[in-house]
Every structure is written in C-alpha cells, then in structure tokens.
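See structure below.
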Amino acid sequence: MRRSYYNKWKRIKRHLVALWRYATFYRLVNLVIVEMERMLGKTRLRGLPYILVVDPLNICNLKCPFCPTGQGTLPLKPGRMIFDEFKNLIDMTASHAIKLILYNWGEPFLHKDIVSMIRYAHQKRLATAISSHLNNLPPGCSAEDLVLSGLDDLIVSCDGLTQQSYEHYRKGGELSRVVQNIQSIVQAKRRLKRHSPVIEFQFLVFAHNEHEVPHVEEFGKKLGVDCVRLAKPYVNRESDEVKLPQNPDYVRSEYLKKGIPLSVHADIFNPLADRNLCVSLFQPPLQCFWPWRALVINWNGEVDPCCGKNYFGSFGNVFQKPLHEIWNNSLFQYARGWIKARVRNDPSFRIVCRGCPGYES
C-alpha cells in the first residue's frame with residue numbers, strides 16, 4: 001500500500017510541476033474560477049476548460065479485446081486530424097488551457113504529424129501528455145526527436161512482463177519492441193541531459209497477469225522509467241477471454257457493487273443495455289470533474305463530455321462553432337446538472353452521462 005501511495009504522489013507531483021511551468025496569471029485565474037464553479041455545482045460557467053483532450057486519430061494497429069478502436073466498434077468513423085486544424089484549435093484555447101492530452105481512442109504515434117503537434121503545443125506553453133502502447137515510434141522520428149519535441153509526459157501501456165502475458169490483451173503487439181523503444185527514449189534523455197518526457201509504465205491488472213504484479217516495479221526500474229502504475233481496467237464482465245483480477249484493490253469500484261447485472265456497465269461496452277436500468281442503478285450525484293475541467297475533441301472537431309465512448313452524439317463541433325457557445329450549450333448544462341443531481345431525469349437529453357456510474361481516476 002505504501003508503494004501505491006508513493007507512485008500516486010509521483011503522479012500528483014507531475015501535475016504540480018506542469019502547473020508551475022506552464023501557468024500564466026490568466027490561466028491560474030481561470031483554473032480557480034473553474035474549480036469554484038465545480039464545487040458550487042454551477043451549470044452555466046464563466047470559466048473555460050483548462051485541460052484539453054485532443055484525439056489526433058482514432059486508429060490503432062493492435063486488437064485489444066475491450067478497446068472499441070481495436071474491435072472496430074467506435075461510433076465515430078476512423079480518421080486523422082489535419083495539422084492546420086490542430087494549430088487553429090491550439091490557438092483558440094491556449095490562453096486558458098494548461099494541459100494538452102494528445103490521446104484518447106487511437107495510437108497517437110501512428111499520426112505522421114504527432115511530433116509537430118507536440119512541438120507546436122510546447123511553443124504555445126502547454127503541458128503535453130501522450131499514452132502509447134509504444135510498439136512503434138512516430139513515423140520518421142527517432143527517440144531523440146521525441147525527447148527534443150518538448151513532450152512532458154509519456155505513459156507506456158504495457159500489461160505483461162512476458163510475451164505470453166502481454167499478448168493475451170495487447171493482441172498484435174510485441175513486448176520486445178516496447179522494451180526496445182522504452183530503452184531508446186531513456187538513453188536519449190540521458191544523452192541529451194533531459195528530464196522529460198517523464199515515462200510512466202502503466203500496467204493494467206487482469207486475472208491472467210495478476211501473478212506478475214509483485215515484479216512490475218522492478219521490471220520498470222530496470223528499464224529506467226520514472227514511475228510505475230498499477231491501473232484498474234475497464235472490462236466487459238460477460239467476457240470469458242479476459243477477466244478481472246482476484247485482488248479487489250485492482251478492481252474498479254462499480255464492479256464491486258452488488259446487484260448490478262453483468263450486461264450493464266454504463267453502456268460503454270453494451271450500447272443496447274437497458275437505459276432505464278442503467279439510470280436507476282447509477283443515480284446522481286456522481287463523482288465526475290469532466291464537464292467542468294476538460295474538453296474532449298475528436299479528430300474531426302466533434303466534442304464529447306468526457307473520454308468515454310459516446311453513442312449518443314457529440315455536444316458540438318469546434319471546427320464549426322465557437323468554443324464558448326459549445327461550452328455552455330444545453331447539453332453541457334444538462335450534463336453538469338445531472339452529475340450534481342440538480343436536474344430531473346429527462347430522457348430527451350440523450351447524453352452518455354445518464355446511466356454512467358461516474359469517473360474513478
């Protein structure tokens with residue numbers, strides 16, 4: 001448990017460092033306004049999102065069983081964001097945003113302009129983060145290029161310490177390539193005398209790899225990563241292919257609640273689940289910060305209220321409407337009101353928040 005707190009503190013420290021490096025007076029004022037409005041349960045906001053989640057593409061070369069991208073079940077068609085549109089988006093939001101998360105549904109290192117995107121955001125004084133399976137580096141780029149891009153945080157998703165356990169979930173991936181690419185980036189950081197990107201080795205704990213948990217930290221230490229995280233996965237509880245671990249410390253809280261049918265998980269893995277049942281099981285108020293702090297933007301400019309799979313349509317498109325209009329439209333205001341239990345259950349608002357158990361980081 002002490003080790004868990006240690007790694008959690010390392011992650012908190014990264015956020016504080018980003019705030020110290022990239023916050024301006026206006027960004028800090030905006031952050032304070034956002035947090036006050038969140039605590040007060042405001043639905044129409046003066047503050048603007050200080051976290052941007054921009055998905056440069058929703059394409060991946062692995063076939064992970066519970067990932068809708070790998071399984072081809074994403075509601076949004078596959079595509080890539082154009083670099084010029086990305087620059088316009090950053091120009092539009094750089095005054096108030098502090099952190100840019102350059103991933104959601106796709107493998108970001110498959111985008112040919114990803115390093116240019118990182119560089120541009122860095123020039124605009126935004127903290128940048130990427131999560132990758134790291135079976136490949138960006139097209140035409142070396143480890144040195146990645147280190148010199150200004151990337152602040154690199155999360156490496158690696159859920160096995162042997163090829164057998166790794167490919168059980170990361171189907172199509174090769175552990176040896178991941179190890180080689182981590183080592184290349186670590187060595188480049190040392191050669192260039194850089195502290196960033198901070199590399200987090202993230203290990204999703206399932207039943208098939210739970211026996212490796214005691215060895216994960218040592219594995220990461222030998223590779224030279226900065227932090228190791230044991231993460232709780234989202235799963236399809238009806239699946240026989242990949243199962244939850246035995247230790248409840250590595251299981252998301254909604255899976256531990258009694259009386260919830262296996263077919264129900266906030267409609268994330270089962271869009272045909274009984275909507276009324278989901279709503280009755282997960283009543284507000286809910287634990288969630290998303291529609292106050294963050295804006296999630298897909299490759300085509302469509303806006304979602306959070307990083308979850310959205311079957312019910314976007315909240316707007318930043319390539320077509322001004323951000324401030326989308327941020328306080330009726331869908332966002334209803335979502336905030338629902339989370340804080342300040343609006344009635346209105347089925348006419350077809351949003352992913354209704355029926356969601358909330359967000360557990």
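The values are calculated or read from the model by the stated rules, or taken from the named source; none is laboratory data. Just so it is clear, the model here is predicted, and its values are computed rather than measured. Positions of Cβ are backbone-derived with ideal geometry, glycine not excepted, and every protein chain shown enters the neighbour counts. Remember, those area values only see protein heavy atoms, side chains included, never the ligands or the DNA or RNA. Shrake-Rupley method; radii C 1.70, N 1.55, O 1.52, S 1.80 Å.
Among the residues of region 343-355, those that are open to solvent by 20 Å² or more (accessible area, probe 1.4 Å) and either touching a helix residue (DSSP H, G or I) at 6+ places or on another chain (Cβ under 8 Å) or β-branched (Val, Ile, Thr) (or both) comprise 343, 345, 346, 347, 349.
So in region 56-77, with the set limited to residues that are touching a Leu at 6+ places or on another chain (Cβ under 8 Å), at pLDDT 95 or above and not in a strand (DSSP E or B), which one is farthest from residue 242 (Cα to Cα)? So that I can check it myself, show each step before the final result.
Residues of region 56-77 touching a Leu at 6+ places or on another chain (Cβ under 8 Å): 56-61, 68, 70.
Checking the rest, the ones that are also at pLDDT 95 or above come to 56-61.
Then keep just the ones that are not in a strand (DSSP E or B); that gives 56, 58-61.
Details: 56: 28, 58: 23, 59: 22, 60: 20, 61: 19 Å.
Per the stated criteria, the residue is 56.
Residues in region 98-113 that are touching a helix residue (DSSP H, G or I) at 6+ places or on another chain (Cβ under 7 Å) and either open to solvent by 10 Å² or more (accessible area, probe 1.4 Å) or over 22 Å from residue 223 (Cβ atoms) (or both): 7 in all. Taking first residues from region 14-25 that are closer than 16 Å to residue 101 by Cβ and partners that are open to solvent by 50 Å² or more (accessible area, probe 1.4 Å) and at pLDDT 80 or above, the Cβ contacts under 6 Å between residues at least 6 apart in sequence or on separate chains come to 22/125. Taking the conditions (1) open to solvent by less than 20 Å² (accessible area, probe 1.4 Å); (2) more than 20 Å from residue 66 (Cβ to Cβ); (3) in a helix (DSSP H, G or I) in turn, residue 228 satisfies each one other than (3).
Determine whether region 239-249 contains at least one residue that is surrounded by fewer than 16 Cβ atoms within 10 Å (Cβ to Cβ) and under 30 Å from residue 350 (Cα atoms). Before you say what the answer is, go through the steps one by one.
Filtering region 239-249 for residues surrounded by fewer than 16 Cβ atoms within 10 Å (Cβ to Cβ) gives 239-241, 243, 246-249.
With the extra rule that they be under 30 Å from residue 350 (Cα atoms), the set shrinks to 239.
Yes, region 239-249 contains a residue that is surrounded by fewer than 16 Cβ atoms within 10 Å (Cβ to Cβ) and under 30 Å from residue 350 (Cα atoms).
Residues are listed down the side, and each one gets a yes or a no for (1) farther than 27 Å from residue 97 by Cβ; (2) β-branched (Val, Ile, Thr); (3) not in a strand (DSSP E or B):
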{"residue": "120", "(1), (2), (3)": "no, no, yes"}
{"residue": "131", "(1), (2), (3)": "no, no, no"}
{"residue": "134", "(1), (2), (3)": "no, no, yes"}
{"residue": "137", "(1), (2), (3)": "no, no, yes"}
{"residue": "155", "(1), (2), (3)": "no, yes, no"}
{"residue": "159", "(1), (2), (3)": "yes, no, yes"}
{"residue": "179", "(1), (2), (3)": "yes, yes, yes"}
{"residue": "186", "(1), (2), (3)": "yes, yes, yes"}
{"residue": "194", "(1), (2), (3)": "no, no, yes"}
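Looking at residue 330, is it farther than 16 Å from residue 50 by Cβ and over 20 Å from the mean Cα position of the chain (by Cα)? I'd like the intermediate steps shown before the answer.
Numbers: farther than 16 Å from residue 50 by Cβ: yes; over 20 Å from the mean Cα position of the chain (by Cα): yes.
Considered against the rule, which asks whether it is farther than 16 Å from residue 50 by Cβ and over 20 Å from the mean Cα position of the chain (by Cα), residue 330 comes out as yes.
Against the conditions (1) buried (at least 22 other Cβ atoms within 10 Å of the Cβ); (2) at negative phi; (3) not small (Gly, Ala, Ser), residue 168 satisfies every one except (1).
Can you find a residue in region 38-45 that is under 24 Å from residue 336 (Cα atoms), open to solvent by 50 Å² or more (accessible area, probe 1.4 Å), free of Cβ contacts under 8 Å to residues at least 24 places away in the same chain and touching a helix residue (DSSP H, G or I) at 6+ places or on another chain (Cβ under 7 Å)? So that I can check it myself, show each step before the final result.
Restricting attention to region 38-45, the residues satisfying the condition of being under 24 Å from residue 336 (Cα atoms) are 38-45.
With the extra rule that they be open to solvent by 50 Å² or more (accessible area, probe 1.4 Å), the set shrinks to 38-40, 42, 44.
Add one more test, that the residue is free of Cβ contacts under 8 Å to residues at least 24 places away in the same chain, and what stays is 39-40.
From what is left, the residues that are touching a helix residue (DSSP H, G or I) at 6+ places or on another chain (Cβ under 7 Å) are none.
The answer is no; no qualifying residue exists.
Filtering 150, 160 for residues that are over 30 Å from residue 205 (Cα atoms), open to solvent by less than 40 Å² (accessible area, probe 1.4 Å) and among the small types (Gly, Ala, Ser) leaves a single hit, 150.
Restricting region 302-342 to residues that are free of Cβ contacts under 8 Å to residues at least 40 places away in the same chain and part of a loop (DSSP other than H, G, I, E, B) leaves a set whose member that is farthest from residue 58 (Cα to Cα) is 329.
When residue 77 is tested against (1) open to solvent by 30 Å² or more (accessible area, probe 1.4 Å); (2) of a type in the set (D, E, K, R); (3) touching a residue at least 24 places away in the same chain (Cβ under 8 Å), only condition (3) is not met.
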